[in-house]
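The values are calculated or read from the model by the stated rules, or taken from the named source; none is laboratory data. Quantities reported herein were computed from a predicted structural model and do not represent experimental measurements. Cβ sites come from the backbone with ideal geometry, for glycine too, and all protein chains shown count toward neighbours. Calculation scope for accessible area: heavy atoms of the full protein, side chains included, ligands and nucleic acids excluded. Shrake-Rupley method; radii C 1.70, N 1.55, O 1.52, S 1.80 Å.
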Amino acid sequence: MKMTLNLRPQVPIGEVRTLVVERQGQTLRLNSESLDLSFMRPGDYLPAGSIEHPLLGGASVIRDETGILIDGLLFHIAADQTDPAACFPEPVVIVEDGIVPLPAQSPPPPPPTPEPEPDLELGDTRYIESDDEHQN
């Protein structure tokens, strides 16, 4: 049975809490909290607001013959995140147990800035190669 997550990106007030999703059979673990969906049968529907969870308050859950759809899982992203995969995510289709790969919630850190080279002053010999280094 497949599970599909439709993520709902949101920039939170304050810190971005990393979201870790793991599937274990018909149970999803959202940041170590379990959501057991094994009771759902094809045709069952849980409307938005029926699950008391901070990330699922606005999500509906639908079970059909192909699997389970969670529509509207809250997905915190950083205000400076510009990656379309996070800002406009495609549905996440889960077909096996394990950690579920999600888009990056924050942009990668900027590369380190190289330190500027010190200015050489007249008579400074720190960067002058000796003749010995060029002889064979």
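When DSSP beta bridges are restricted to pairs lying wholly in the chain, around 70% turn out antiparallel. Excluding ligands, DNA and RNA, the accessible surface per residue across the chain is 69 Å² with a 1.4 Å probe.
May I ask you to rank Ser32, Ser60, Ser38 by accessible area, largest first, using a 1.4 Å probe over the protein chains only?
Values: Ser32 85, Ser60 15, Ser38 50 Å².
The most accessible residue leads, giving Ser32, Ser38, Ser60.
Comparing Gly57, Leu19, Asn31 along the charge dipole axis of the chain, the residue lying farthest to the positive side is Gly57, per the Cβ-charge model. Once neighbouring chains are kept in place and the probe is 1.4 Å, which whole percent of the accessible area of segment 36-86 is contributed by carbon and sulfur? Summing carbon and sulfur atoms, their accessible area is 55 percent of the total for segment 36-86. Taking the Cα centre of the chain as origin and assigning +1 to Lys and Arg Cβ atoms and -1 to Asp and Glu Cβ atoms, the resulting dipole is close to 1480 debye.
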